[in-house]
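Right, one structure below, let's go through it.
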Amino acid sequence: MNEFIEALKKRRSIYMLGRNVKMPQDEIEELVKEVVELSPTAFNSQSQRVVILFDKAHEKVWDFTEAELKKVTPADRFPTTQAKIKGFRDAYGTILFFEDQETVKALQKKFPTYADNFPIWSEQASGLTTSNVWTALATAGIGANIQHYNPLIDEDVAAEWKLPANWKLRSQMVFGSTEAEAQPKEFMDRGSRFKTFH
């Protein structure tokens, strides 16, 4: 079987995550950096920016998220939300994915013919990078899931880690040891999804 397909099969949304990760933090950090560098971007823009959070920093981003959600969640529903956030906080780490808006604007200025496309291509780069990191973690035996609490937590994150204003938060990847496997994945009928012509 194709090794890449096998790697993709391992990449699932794992929500029951723990801290029993055997891979050292510096190796996880190096893995993430290498995958991000190898991920494609339009015009080789390298617009992705990444923040890797371990230990107290990891917990802090979920403290921010819980505090912001408390402001906008009905009181009777907040315990459920709080339990969900606790699950993320109990994981091993978090990776924050950003897109550098200054890079996007510079490309728009340099190549005006494609100006409308650069924000789209930036989002595509973010998606590709996120998926690649997710798959790389899965092949290393580390479970993960993707969250999108941006823009709710943007200001807190930027202030806490003194991040540039032009870094736009796109997603948060929670990762850790897999404490419960994902449910089997169902696929829609291929006849409704694919067309091939010769």
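Observations on the structure shown:
- Each of Trp121, Trp167, Trp161 was scored by other Cβ atoms within 10 Å of its Cβ. Listed from fewest to most, they are Trp161, Trp121, Trp167.
- Largest mean-square fluctuation among Thr81, Thr94, Thr41, in a Gaussian network model of the chain whose springs join Cα atoms under 10 Å apart, belongs to Thr81.
- Reach of Lys162 by Cα under 16 Å, taken over lysines that are not fewer than 8 positions away in the same chain: Lys60
- The ratio of the alpha-carbon radius of gyration of the chain to the globular-protein estimate 2.2 N^0.38 Å is 1.12.
- Each residue of segment 23-33 is assigned a 3J(HN,Hα), and the resulting list reads 6, x, 4, 5, 6, 4, 4, 5, 4, 4, 4 Hz, derived from the Karplus form 6.51 cos²θ - 1.76 cosθ + 1.60 (θ = phi - 60°), x at Gly and Pro.
- Karplus-derived HN-Hα couplings along segment 77-86 (A = 6.51, B = -1.76, C = 1.60, θ = phi - 60°), whole Hz, x at Gly and Pro: 9, 5, x, 5, 4, 4, 5, 5, 5, 4
- Here the dipole of segment 133-192 is about 260 debye; that uses its Cα centre as origin and unit charges on the Cβ of Lys and Arg (positive) and Asp and Glu (negative).
- Max-minus-min Cα coordinates of segment 91-181 on each principal axis give 49, 29, 17 Å, with the largest extent listed first.
- Across the chain, the longest piece that holds none of the GluC sites (Glu not before Pro) lying in DSSP loops with up to 12 other C-beta atoms within 10 Å covers 1-180.
- Taking amide H positions as modeled 1.01 Å from N, with prolines and chain starts lacking one, the residues under 5 Å from Ser171 and 5 or more places away or on another chain are Phe97.
- ³J(HN,Hα), Karplus 6.51/-1.76/1.60, whole Hz, each residue of segment 134-143, x for Gly, Pro: 4, 5, 4, 4, 4, 6, 8, x, 10, x
- In the elastic network of the chain, a GNM with C-alpha springs shorter than 10 Å, the most mobile of Val61, Val72, Val21 is Val72.
Read-outs throughout are calculated quantities, based only on the coordinates presented, and are distinct from any laboratory measurement. All figures in this text were calculated on a predicted structure; none of them were measured in a lab. Positions of Cβ are generated from backbone atoms using ideal geometry, with glycine treated the same way; all protein chains shown enter the neighbour counts.
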